[in-house]
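Worksheet for the structure shown next.
The values are calculated or read from the model by the stated rules, or taken from the named source; none is laboratory data. This is a predicted model, so every value here is computed, not measured. Note that each Cβ is placed from the backbone with ideal geometry, even for glycine, and that neighbours are counted across all protein chains shown.
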Amino acid sequence: MLNYERETATLYISILNYEATADEYAPYRLAKAEIKTVVFKTLDRTKFCAQMCYYQSGNLPLSPQILPTKVDLSTEPFVFHKIPHAPAQDSVDLPKRTINKGPQTKTVQVQIPIADLTIKDGGVKGSFEEYGVGHPLSFTIVNQHLLKEFHPIRDFFARRLRRKTVEVTALLKFRADGDPELCDVQSPQIDKIDEGMIQVLRTNLVHGFIRADKTDKRLFTPEDLMANYAEDAPERTLLPPPGIDLLREILDKKAVRNAAHLTHLSNVHERGQKLQFVVCPCFGFLFFIRGEFMHHFVLELLNSHATYIWSMPKESGTLAEHLNYLTTEIEHLNSLGRSNYRRMNTFEYCFRVINHDSVSSEFVDGFPRWKARLEEGLV
């Protein structure tokens, strides 16, 4: 290459080897800038004609005065032009280099697979290849609702957007030194990911999380619950750790019949003690309340009609021993069924059931009565 005139997109070159083989050049190498016209240094007539005669030697202008030295790439098929007053065989007049008045720009639009994007705090990152640029172009699209923790759940956003790709529009600028840069990168699909969409995803996860597992009758710790999910599972990303915050998330995302009862129990649950869970016969919480004389364990299931309370004297064992005892008792309750368990009631210490009266009534608020009955037994 002898020179490149950016204003006219003209490339000035000289042929060094008229008999180059395929392994001596890179035919698919991308151009670094747009090329509209190619101007050759005066060709060697004999070598040039020797290569071209195989095709249409009879149609070639073989006179040295009109040997083509300019190719117009804006036409199809390419048109060879005679350059008047061609310079001597061993020289070519090159235009003087001019100072660019500003960067060259053009608008590019590409489709990027969502799976190829990297979600980070405050946006997404990606890259794509553009004709005329010899390397991938990297970009960042700003979205303040996104966090790096969302990266493993890109498929969730793809399903919500109902497409596997996003449309990316950007302004491609070539600086004075010829290096490209992307500006004003935007995507209408990335812009659609807002707090509302993320809340919908959280709600769907909550509903799936609390779906009953009729086969498992155990009492679960927070670690037990999350052990069922892979490290990159969306439940680990979008849901708070199992505990009081998870309960509040459930009450916020789902209409729960006994929401007031669950909220009150979460407020009186002893801080520092892990909230326990059951998934059979439906999702529920085991709260712990430390009384003056007794340890109280309160089971409240989502949308249930009654509260179950087991109370054990402090002198009968440690808190850990009582919890182990109660774990077996709850498995027994789930095996028998709540009605049979209540009828048989073989628990060694105090067991109570408080019904949720008038929970759905528009005229009577049964919650104060339930609360009073709960508190009268928390000794």
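From the list 300, 235, 292, which one is outside any helix (DSSP H, G or I) and surrounded by fewer than 20 Cβ atoms within 10 Å (Cβ to Cβ)?
Answer to the check: 292.
Here are some residues: 313, 281. Which one is surrounded by fewer than 19 Cβ atoms within 10 Å (Cβ to Cβ), touching a Phe, Trp or Tyr at 6+ places or on another chain (Cβ under 7 Å), farther than 21 Å from residue 357 by Cβ and of a type outside the set (S, T, N, Q)?
313 is the lone residue from the list that is surrounded by fewer than 19 Cβ atoms within 10 Å (Cβ to Cβ), touching a Phe, Trp or Tyr at 6+ places or on another chain (Cβ under 7 Å), farther than 21 Å from residue 357 by Cβ and of a type outside the set (S, T, N, Q).
Kindly list the number of the only condition in (1) of a type in the set (A, V, I, L, M, F, W, C); (2) free of Cβ contacts under 8 Å to residues at least 60 places away in the same chain; (3) assigned to a loop (DSSP other than H, G, I, E, B) that fails for residue 201.
(3)
Return the residues of segment 320-341 that are in contact with a strand residue (DSSP E or B) (Cβ under 6 Å, 6 or more places away or on another chain) and more than 19 Å from residue 210 (Cα to Cα); say none if nothing qualifies.
322, 326, 327
Every residue, every condition in (1) under 14 Å from the mean Cα position of the chain (by Cα); (2) of a type outside the set (A, V, I, L, M), yes or no:
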residue	(1), (2)
161	yes, no
168	no, no
173	no, yes
198	yes, no
228	no, yes
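So, of the residues in segment 147-198 that are in a strand (DSSP E or B) and not hydrophobic (A, V, I, L, M, F, W, C), which turns out to be nearest to residue 254 (Cα to Cα)?
Per the stated criteria, the residue is 165.
Do we find that residue 237 is of a type in the set (Val, Ile, Thr), within 30 Å of residue 150 (Cβ to Cβ), under 25 Å from the mean Cα position of the chain (by Cα) and modelled with pLDDT under 85 in this structure?
In short, yes.
So which of 127, 138 ends up being surrounded by fewer than 14 Cβ atoms within 10 Å (Cβ to Cβ), part of a strand (DSSP E or B) and in contact with a strand residue (DSSP E or B) (Cβ under 8 Å, 6 or more places away or on another chain)?
One residue alone meets the criteria, 138.
Assuming residue 349 fulfils every condition listed in (1) aromatic (Phe, Trp, Tyr); (2) crowded, with 16+ Cβ neighbours inside 10 Å; (3) over 41 Å from the mean Cα position of the chain (by Cα) apart from one, which condition is it?
Every condition holds for residue 349 apart from (2).
With respect to residue 320, determine if the residue is of a type in the set (Gly, Ala, Ser), within 47 Å of the chain's Cα centre (by Cα) and in the same structural domain as residue 253 (by TED's automatic domain parsing).
So residue 320 fits the description; yes.
Under 7 Å by Cβ, and 6 or more places apart or on different chains, what pairs join a residue from segment 335-355 that is without any contact (Cβ under 8 Å) to a residue 40 or more places away in the chain with one that is in a strand (DSSP E or B) and exposed (fewer than 11 other Cβ atoms within 10 Å of the Cβ)?
none
Would you mind telling me which numbered condition in (1) touching a residue at least 60 places away in the same chain (Cβ under 8 Å); (2) out of contact with any helix residue (DSSP H, G or I) (no Cβ under 9 Å at 6 or more places or on another chain); (3) part of a loop (DSSP other than H, G, I, E, B) residue 281 fails?
(2)
Considering only segment 307-346, state which residues are of a type in the set (Gly, Ala, Ser) and out of contact with any helix residue (DSSP H, G or I) (no Cβ under 9 Å at 6 or more places or on another chain).
If the condition is that a residue be of a type in the set (Gly, Ala, Ser) and out of contact with any helix residue (DSSP H, G or I) (no Cβ under 9 Å at 6 or more places or on another chain), then 311, 320, 337, 339 are the ones that fit.
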